[in-house]
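A.B. asks: Sending over a structure as structure tokens; questions will come in a sec.
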Amino acid sequence: MNRHSMHPGSARAQSGFTLLELLVVIAIIGILSGVMGFSLMGMLRRTEVRNAAAEVMADLRLARVNAQKTGLPSPVTIINGTGSYTAQIRPGALQTRTLDSGVTLQAVSSATALKVIYRAPFGTVDTIGLVWEVRSRATQVPPLYIKVVGITGKVILSDSRD
């Protein structure tokens, strides 16, 4: 046996980590976890807004198809500043829908933009330039805009109000 192997100041006796080294590693892991968590929450909120906009757009398109198929007017009305709207999902039956996760709908273009009515036989609309804002409850998430374009009633999603 080597006489230096038993000595407390030798290289073999100090082969572990010091408390300071462990604390630095734990602090780095904590900082990285915080940054990743914050980034993940932002992505989750953006996904919630995109999914809510897709849901409203699908119902607008379905209302247009209902007007074309049934020959009857098919309305979609938002409850301004909330996450609720009514749509004619099935012919002759209005249904109230509520968006998940605190996502809200707001009419942007004017007070008359709370309602769009698709008219038979072509699924056209009377309101031109209808824009609805889809916004998350988290203020750092940018809103999306649902637009009903022209009299054709075509529905598009945009990142800008214009």
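Throughout, read-outs are computed from the coordinates displayed, never taken from laboratory work. As the structure is a prediction and not an experimental result, all values here were calculated from the model. Counting neighbours? That spans all protein chains shown, and the Cβs are built from the backbone with ideal geometry, glycine included.
A.B. asks: Please list the non-local residues whose amide H lies under 5 Å from the amide H of ILE79, H modeled 1.01 Å from N, same-chain partners needing a gap of 5 or more.
C.D. replies: Hits under the 5 Å cutoff: SER84, TYR85, THR86.
A.B. asks: Next question, about the same structure. When the Karplus curve 6.51 cos²θ - 1.76 cosθ + 1.60 is applied with θ = phi - 60°, which whole-Hz ³J(HN,Hα) does each residue of region 115-121 get, with x for Gly and Pro?
C.D. replies: The phi angles translate into 9, 10, 10, 7, 10, 6, x Hz.
A.B. asks: In what order do ARG61, ARG90, ARG45 fall by count of nearby beta-carbon atoms within 10 Å, going from fewest to most?
C.D. replies: Least to most surrounded, the residues fall as ARG90, ARG61, ARG45.
A.B. asks: Moving on to the next point. From the backbone phi of region 40-50, what are the Karplus-calculated ³J(HN,Hα) couplings (6.51 cos²θ - 1.76 cosθ + 1.60, θ = phi - 60°) in whole Hz, Gly and Pro given as x?
C.D. replies: These are the phi-based 3J(HN,Hα) values: 5, 5, x, 5, 5, 5, 5, 5, 4, 5, 4 Hz.
A.B. asks: I'd like the Karplus ³J(HN,Hα) series for region 71-87: coefficients 6.51, -1.76, 1.60, θ = phi - 60°, whole numbers in Hz, and an x wherever there's a Gly or Pro.
C.D. replies: Once θ is set to phi - 60°, the couplings for region 71-87 become x, 10, x, 10, x, 9, 10, 8, 9, 3, x, 10, x, 10, 7, 10, 9 Hz.
A.B. asks: If a/c stays under 1.5 just call it rounded; otherwise compare a/b with b/c (prolate if a/b is bigger, oblate if not). Do that for the chain, with a ≥ b ≥ c from the square roots of the Cα gyration tensor eigenvalues.
C.D. replies: Prolate shape, in that a/c is at least 1.5 and a/b is the bigger ratio.
A.B. asks: A follow-up question, please. Quick one: which residues, 5 or more positions from ILE89 or on another chain, have an amide H under 5 Å from its amide H? H modelled 1.01 Å from N in the peptide plane, none for Pro or chain starts.
C.D. replies: When sequence neighbours closer than 5 places are left aside, the close amide H contacts are GLN95.
A.B. asks: Per the Kirkwood formula on distinct C-alpha pairs, the Rh of region 45-103 is how many angstrom?
C.D. replies: Roughly 11.9 Å, rounded to one decimal.
A.B. asks: If we count other beta carbons within 10 Å of each Cβ, what is the order of SER84, SER39, fewest first?
C.D. replies: Ascending number of Cβ neighbours within 10 Å: SER39, SER84.
A.B. asks: Shifting gears a bit: Can you tell me the FRET efficiency between ILE79 and ILE28 if r is taken as the Cβ-Cβ distance and R0 is 45 Å, rounded to the nearest 0.05?
C.D. replies: Step by step, r from the Cβ atoms, then E = 0.40.
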